[in-house]
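These notes concern the structure reproduced below.
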Amino acid sequence: MIKFKVKELLEKQKISRYKLRQYTSLTYERVNDYYFGRVKAIKVEELEELCELFNCNTQDIIEYKKNK
């Protein structure tokens, strides 16, 4: 199972979803998909934007958990 940790990063850096929308090319719907963990696919460009914004690596945004 893949988990996106955008919500945690936003809370940690005190950035609102609205500001995330302003800082990136993501639509508000797409921001909400990341925030609520509804993302089914990700573009490399989106991942790169998030890494730049949060000043982090991909593993800080995406987490893989093995299904039991």
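The one condition from (1) of a type in the set (Lys, Arg); (2) in contact with a helix residue (DSSP H, G or I) (Cβ under 9 Å, 6 or more places away or on another chain); (3) surrounded by 10 or more Cβ atoms within 10 Å (Cβ to Cβ) that Lys40 does not meet is (3). Name the single residue, out of those in the range 1-37 being touching a strand residue (DSSP E or B) at 6+ places or on another chain (Cβ under 7 Å) and buried (at least 17 other Cβ atoms within 10 Å of the Cβ), that is nearest to Asp60 (Cα to Cα). So the residue we want is Lys5.
Bear in mind these aren't lab numbers, they're just calculated from the coordinates by the rules spelled out. Being a predicted model, the structure only gives us computed values, none of them experimental. Here Cβ is always computed from backbone atoms with ideal geometry, including for glycine, and neighbour counts include all displayed protein chains.
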